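Engineer: Mind having a look at this structure? Questions to follow.
The values are calculated or read from the model by the stated rules, or taken from the named source; none is laboratory data. Fair warning: this is a prediction, and the values are worked out from it, not measured in the lab. Heads up, the Cβs are rebuilt from the backbone with ideal geometry, glycines too, and the neighbour counts pull from every protein chain shown.
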Amino acid sequence: MFEDPSQTLSLDNAILERMRERAPGYDQRNEFFYEDLEVLKDIGYLKPRPLSQMSSEQRRLASYAPATALGIGMHLTWMGVAQDMVRNGHQEFQWILDDGAAGEVFAFGVSERGNDSVLTDSSVAVTEVKGGFAFSGEKIFVSLSPAWSRLSVLGRLGDEIFHGFISRDQKGWSQRADWNTLGMRATQSYTTLLDGAIVSPTRLVRRVMVGSFDDAFLRAIFRNFLLLVSSVYAGIADRALEIMVNKVGTKIEISKSEGLQVDVSDDRRQVASVAIEIDALGPQLREYSSITDFQSSTPAHWMRLFSGIKHQSVETARRAVDVALRVCGGNAYRSSHELSRLQRDVLAGVYHPSDTNAVHRTVAMDLFEYLAREQTLGNQPN
């Protein structure tokens, strides 16, 4: 409704409407989106393409099937990362693009219980063995768990973090089907146990010092992940707004047909207020997803931009759903109403990196680092 359909080349309305019809069932049964995934594969949605296009398409998909969009966004993040790295001369990532184009499904094995360092440290142990590197430990929130064919893993060996991939058909891993959450239930993000899972030398894609953010690979991950996650929540906001507009319009039509004097001015104002906030998301998403020289900026600055739009998208979506529940009245309080599911789905946004506290720390760091640099330059002799 609010995005340019010419930018969403892979999806048509008929496909999306069927996904919207399936979404409540996935949610109620706490079930993975198998049918949606097959459709997305068939239309080429898993293939690598420009981040700006993936972002636009993800926003549109999320307005119909939020959990499907969030789940497949993990795969698309890897497509974006590999594109960034290959474009900057790292041909060792080309195989990811080739596998993605061939229909392989990529997932993230990053999150760990009690580890807030995300990509810069790990409780998973890495040991060098014959044939590569063995990873042992636990990963949580692995979206696409029933369907991935390539899983990224990271772990620590000495003062380095090792990043690599395992395949579904190899030994040394297992998973617990323990995903039973408030929302985004169709992502089926299981706990995954690594027990000596071997990453071959050709599938070890990066070694980074513990604690370091200043690395092209990590920048590419954060950039693609944050922008594609932002697109999902922007899509939820779009759908909440669409529901509100339709509801208030219905109130007006009913009042006219029955000769009633129904004042909807307050509703219209609330809807307009949400629309203004949503309108601010699109230009930022388009601009940030089109940047190709982000690698040259300081870590604090690019993280400020990308984590900021993620925070703004999530908070705007939360407000949009909240206002929609108020405007649509008591019927929206039913568990069967779409807004009930959207309210649960949108809450997941506060748990994705970067969380609210981290975003504000990042913005403050960039602001005061810039101030310090300016003061240093100002004190230098001419």
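One line per residue, one yes/no per condition, for (1) in a loop (DSSP other than H, G, I, E, B); (2) modelled with pLDDT of 95 or more; (3) not assigned by TED's automatic domain parsing to the domain that holds TYR26:
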{"site": "ASP116", "(1), (2), (3)": "yes, no, yes"}
{"site": "ASP121", "(1), (2), (3)": "yes, yes, yes"}
{"site": "ALA134", "(1), (2), (3)": "no, yes, yes"}
{"site": "LEU144", "(1), (2), (3)": "yes, yes, yes"}
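Engineer: Among the listed residues GLY80, GLY131, GLY73, GLY89, identify the single one that is among the small types (Gly, Ala, Ser) and touching a Lys or Arg at 6+ places or on another chain (Cβ under 8 Å).
Structural biologist: Sole residue among the options that is among the small types (Gly, Ala, Ser) and touching a Lys or Arg at 6+ places or on another chain (Cβ under 8 Å): GLY80.
Engineer: I've got another one for you. For TYR64, are the conditions met, namely being part of a loop (DSSP other than H, G, I, E, B) and either free of Cβ contacts under 8 Å to residues at least 12 places away in the same chain or over 22 Å from SER149 (Cβ atoms) (or both)?
Structural biologist: Criteria met by TYR64.
Engineer: Based on what the data block shows, is VAL81 more than 14 Å from the chain's Cα centre (by Cα) and either farther than 30 Å from SER340 by Cβ or assigned to a loop (DSSP other than H, G, I, E, B) (or both)?
Structural biologist: It is false that VAL81 is more than 14 Å from the chain's Cα centre (by Cα) and either farther than 30 Å from SER340 by Cβ or assigned to a loop (DSSP other than H, G, I, E, B) (or both).
Engineer: Same structure again: Between ILE166, ILE96, ILE140, which is part of a strand (DSSP E or B), under 17 Å from THR202 (Cα atoms) and not assigned by TED's automatic domain parsing to the domain that holds LYS310?
Structural biologist: ILE166
Engineer: Considering only the stretch 67-77, I want to know if a residue exists there that is surrounded by fewer than 16 Cβ atoms within 10 Å (Cβ to Cβ) and either at negative phi or of a type in the set (Asp, Glu) (or both).
Structural biologist: Taking every residue of the stretch 67-77 in turn, none turns out to be surrounded by fewer than 16 Cβ atoms within 10 Å (Cβ to Cβ) and either at negative phi or of a type in the set (Asp, Glu) (or both).
Engineer: Here's something else I'd like to know. Where the second residue is among the charged types (D, E, K, R) and crowded, with 22+ Cβ neighbours inside 10 Å and the first is free of Cβ contacts under 8 Å to residues at least 40 places away in the same chain and lies in the stretch 84-112, which pairs have Cβ atoms under 9 Å and are six or more apart or on separate chains?
Structural biologist: Going by the 9 Å Cβ cut-off, the qualifying pairs are SER111/LYS139; GLU112/LYS139.
Engineer: Any idea which residue in the stretch 35-55 is surrounded by the most Cβ atoms within 10 Å (Cβ to Cβ), counting only those that are of a type in the set (Ser, Thr, Tyr) and touching a Leu at 6+ places or on another chain (Cβ under 8 Å)?
Structural biologist: SER55
Engineer: I'd like the residue in the stretch 304-362 that is farther than 20 Å from MET244 by Cα, among the hydroxyl-bearing types (Ser, Thr, Tyr) and surrounded by fewer than 16 Cβ atoms within 10 Å (Cβ to Cβ) and, out of all such residues, is farthest from the chain's Cα centre (by Cα).
Structural biologist: Of everything passing the filter in the stretch 304-362, THR356 is farthest from the chain's Cα centre (by Cα).
Engineer: Here is a follow-up. Of everything in the stretch 43-78, what is over 23 Å from ARG239 (Cβ atoms) and within 13 Å of the chain's Cα centre (by Cα)? Give them in sequence order.
Structural biologist: Selection gives TRP78 alone.
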